[in-house]
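Visitor: What follows is a single structure, and I will ask about it in a moment.
All of the numbers you see were taken from the coordinates with simple rules; none came from a lab. Model, not experiment: these values are computed from the prediction. Note that we place each Cβ from the backbone using ideal geometry, even for glycine, and neighbour counts take in every protein chain shown.
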Amino acid sequence: MLSAYILLSSGIITKEGSMKLNWKIFCAVVLLSGVPIAIAQSVTNDVKQTASDTGKDTKKAAHKTGAVTKKAVHKTGHASKTAMNDTKKDTKMAAKKTDQGAHTAAKDTEHAAKKTDATVKKGAKTMGHDMKKGADKTENMMK
């Protein structure tokens, strides 16, 4: 009512044309009130479409991430298996070389022991012979 009074007192409308103007205002209000509804529906559709697109994109990204992760796990497993086999071969080779070295060392030690034994026997025999000679000389001198 206050707005009608302002319009009347300002001279924008008169009492005779008030019905005409009210009809125009009513039509304008009806037409303009439809704009926010149309905009709201458009926004709603946009939000719904954006949410749907986001869901599809998220699903695609998750699928790609899963595939890449699976491939990485497979490659990591293969690399681990290869490393394990290499380590196994190297360990076997080192053990074989260690065994060969120990065997060679044992043979060398046995050979050295035999040589030492022979040298000791020879030395003892020579020493015994020299002792016998010395005893014979001593006996000859005493006669």
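Visitor: For the range 56-72, what does the Karplus curve 6.51 cos²θ - 1.76 cosθ + 1.60, with θ = phi - 60°, yield as ³J(HN,Hα) per residue in whole Hz, taken in order and with x for Gly and Pro?
Guide: Computed from phi, the couplings for the range 56-72 are 5, 5, 5, 5, 4, 4, 5, 5, 5, 4, x, 5, 5, 4, 4, 5, 5 Hz.
Visitor: Need the list of lysines near LYS88 for cross-linking: C-alpha distance under 17 angstrom, and skip anything on the same chain fewer than eight residues off.
Guide: List returned: LYS96, LYS97.
Visitor: So which lysines pass the test for LYS56, namely a Cα distance under 18 Å, with those fewer than 8 places away in the same chain ruled out?
Guide: LYS48, LYS64
Visitor: Still on this model: Any idea which of MET141, THR82, GLY128 is furthest toward the positive side of the dipole for the range 44-143, if Lys and Arg beta-carbons carry +1 and Asp and Glu beta-carbons -1?
Guide: Working it through, the farthest residue towards the positive pole turns out to be THR82.
Visitor: Please list, or write none, the lysines whose alpha carbon is within less than 18 Å of the alpha carbon of LYS115, excluding same-chain residues fewer than 8 places away.
Guide: Result set, ordered by chain and number: LYS107, LYS125.
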